[in-house]
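The values are calculated or read from the model by the stated rules, or taken from the named source; none is laboratory data. Source: prediction; values computed, not measured. With ideal geometry, Cβ positions are generated from the backbone for all residues, glycine too; neighbour counts draw on all protein chains shown. Only protein heavy atoms, including side chains, enter the accessible area calculation; ligands, DNA and RNA are left aside. Shrake-Rupley method; radii C 1.70, N 1.55, O 1.52, S 1.80 Å.
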Amino acid sequence: MKDFNYTSAAARVIFGAGSLRHLEREVEMLGARRALVLCTPEQIGIAQAVAQRLGAKAVGLFPRAAMHVPIETARAARDEARRLGADCAIAIGGGSTIGLGKAIALEEAAGSLPVLAIPTTYAGSEMTSIYGITDAGVKKTGKDPRVLPRTVIYDAELTLSLPVGLSMTSGLNAIAHSAEGLYAQDGNPIMSLMAEEGIRALAIALPRIKSRPDDIEARAQAQYGAWLCGTVLGNVGMALHHKLCHTLGGTFNLPHAETHAVVLPHAIAYNAAAIPEALAALRRALGHEDPPRGLFELAVRLGAPSALSAIGMPEGGIERAAQLATQNPYWNPRPVEREAIAALLRRAWAGLSP
Ligand code: NAD
């Protein structure tokens, strides 16, 4: 058995369909009286309902969360929080909205502006202390314990409105966190258990949601998987797959979750010979003898994109991406070699099976 270090970060999780009804109690438990509610313009309806539920304990609504947290938006939200004297940020939405909550918390003295997250996608940002802010087109990411949401309410009813396509790619994005968590350099047995269970739950739930998007049991199971996968992302380091996705997303402005969906089978195939224990866990979790193929077939079955060419990557960008991904690579179980990465990207670009 491999040696390991394990530190758990404290976050309170309230799980269950309809659990939004506990919001007022949870805000009180944070000692907050003046919440600022954050959302994207698309989710203003549900955010207004949240503010109404809180009555006088909600002092404002900031409905301008946007993908990749532009610095101007983060500044405007911080100014609004100060102007209103907010003592808590409630982020209801996906990774973009939760990312905005993190950007506000980052500027405050430790613990002075707690974030209460109500995730409505499966991206998992609510369980991590990783933040990202985009300044002049460049996304800077970092880790800071202040940004970790203090309370997370997982209410599957709020995911019923997540369109099927987004549900599938968001779920595959979550699976990617756990797949890499299974072979993380700083992995540990608890995270491996969570990773395997998270993948298993999502691999069962996503096909059910695809055929019946209003299946609340399947929605809850997917959220359970997303919670586990987000926890893995927040606790162990990521490797080649995440490096490739960040490079492709940043360089060619490819959509976040779709890029994860396309790249994952290829990244796992690249690492396969170096990760026997992770492959065994993936076999159990996916119920498939050949995990890279299993992941590819799952994405196809879910109707997710399976080619980088289909989500906006120019063929001429393959060599550049291979070069960028091999400069300052993350730790990876197999050495990251430029020619082999270019070959991986060519297959992923064309939508071939790994
Ligand atoms: P998103 O937050 O960008 O949401 C996509 C769209 O779906 C938005 O318009 C949103 O309003 C809408 N939406 C979300 N939930 C909905 C629902 N239930 N019903 C209807 N519409 C809904 O998407 P995402 O994939 O959750 O987040 C992606 C972003 O999060 C990226 O910027 C990524 O880098 C970041 N992220 C960060 C971490 C981290 O640990 N910091 C982890 C994962 C993702």
From the phi angles alone, apply the Karplus equation (6.51, -1.76, 1.60; θ = phi - 60°) to the range 72-84 and give each ³J(HN,Hα) in whole Hz, x where the residue is Gly or Pro. 5, 5, 4, 5, 4, 5, 5, 4, 5, 4, 5, 4, 8
Expressed as a whole-number percentage, the relative contact order of the range 121-212 with C-alpha contacts under 8 angstrom and at least six residues apart is 26 percent
DSSP bridge pairs, the chain: antiparallel proportion in percent, nearest 5: 25 percent
Where nothing but the Cβ of Lys and Arg (+1) and of Asp and Glu (-1) is charged, how large is the charge dipole of the range 12-159 around its Cα centre, in debye to the nearest 20? 220 debye
Put +1 on the Cβ of each Lys and Arg and -1 on the Cβ of each Asp and Glu in the range 111-156; which of 153, 142, 116 then has its Cα farthest toward the positive end of the dipole? 142
Arrange the peptides 186-197, 120-131, 335-346 so that the one whose residues have, on average, the most other Cβ atoms within 10 Å appears first. 120-131, 186-197, 335-346
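Got a number for carbon plus sulfur as a percent of the chain's accessible area, 1.4 Å probe?
So the carbon and sulfur contribution to the accessible surface is 52 percent.
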Just want the answer: with Cβ charges of +1 for Lys and Arg and -1 for Asp and Glu, which residue in 19, 256, 267 is farthest toward the dipole's positive end in the chain? 19
Against the longest alpha carbon principal axis of the chain, how many degrees, from 0 to 90 and to the nearest 10, is the axis of helix 164-181 turned? 70 degrees
In degrees between 0 and 90, to the nearest 10, how far off the longest principal axis of the chain does helix 276-286 point, with axes built from Cα atoms? 60 degrees
Phi to ³J(HN,Hα) by Karplus 6.51 cos²θ - 1.76 cosθ + 1.60 over the range 266-271, Hz, x for Gly, Pro: 6, 5, 5, 4, 4, 8
Could you work out how much longer the chain between residue 144 and residue 283 gets when fully extended? Use 0.36 nm per residue separation minus the Cα distance between them, nm to one decimal. 46.6 nm
If you plug each phi of the range 215-232 into the Karplus form 6.51 cos²θ - 1.76 cosθ + 1.60 with θ = phi - 60°, what whole-Hz ³J(HN,Hα) values come out, in order, with x for Gly and Pro? 6, 5, 5, 5, 4, 5, 5, 5, 5, 4, x, 5, 4, 4, 5, x, 4, 4
Given a 1.4 Å probe, how much area per residue of the range 159-276 is accessible, in Å²? 30 Å²
Net dipole in debye of the chain [+1 Lys, Arg Cβ; -1 Asp, Glu Cβ; about Cα centre; nearest 20]: 340 debye
Could you list which residues have their amide H under 5 Å from that of residue 88, counting only those 5 or more apart in sequence or on another chain, with H placed in the peptide plane? 34, 36
Under a 5 Å amide H to amide H cut-off, with H placed in plane at 1.01 Å, what residues pair with residue 15 once short-range neighbours are removed? 154
Hey, can you rank 47-54, 100-107 by average C-beta count inside 10 Å, highest first? 100-107, 47-54
So what is the 222 nm mean residue ellipticity for the chain from helices alone, if each DSSP H run of at least 4 adds -39500 (n - 2.57) and you divide by all residues, rounding to the nearest 500 deg cm²/dmol? -16000 deg cm²/dmol
Run through every distinct alpha carbon pair of the chain and return the Kirkwood hydrodynamic radius in angstroms, one decimal place. 20.4 Å
Regarding the range 164-350, what's the average projected area of the Cα-atom convex hull, expressed in nm²? 9.3 nm²
Using 0.36 nm times the number of residues separating residue 84 and residue 211, minus their current alpha carbon distance, what extension gain do you get? 41.3 nm
What number of lysine-lysine pairs in the chain show an alpha-carbon separation below 24 angstrom, given a sequence spacing of 8 or more or placement on distinct chains? 8
Calculate, for the range 1-93, the solvent-accessible area per residue in square angstrom, rolling a 1.4 angstrom probe over the heavy atoms of the protein chains. 54 Å²
Working from Cα positions, state the angle (0 to 90°, nearest 10) between the long axis of helix 240-252 and the longest principal axis of the chain. 70 degrees
Positive-end extreme of charge dipole, the chain - chosen from 341, 39, 52 (charges on Cβ): 52
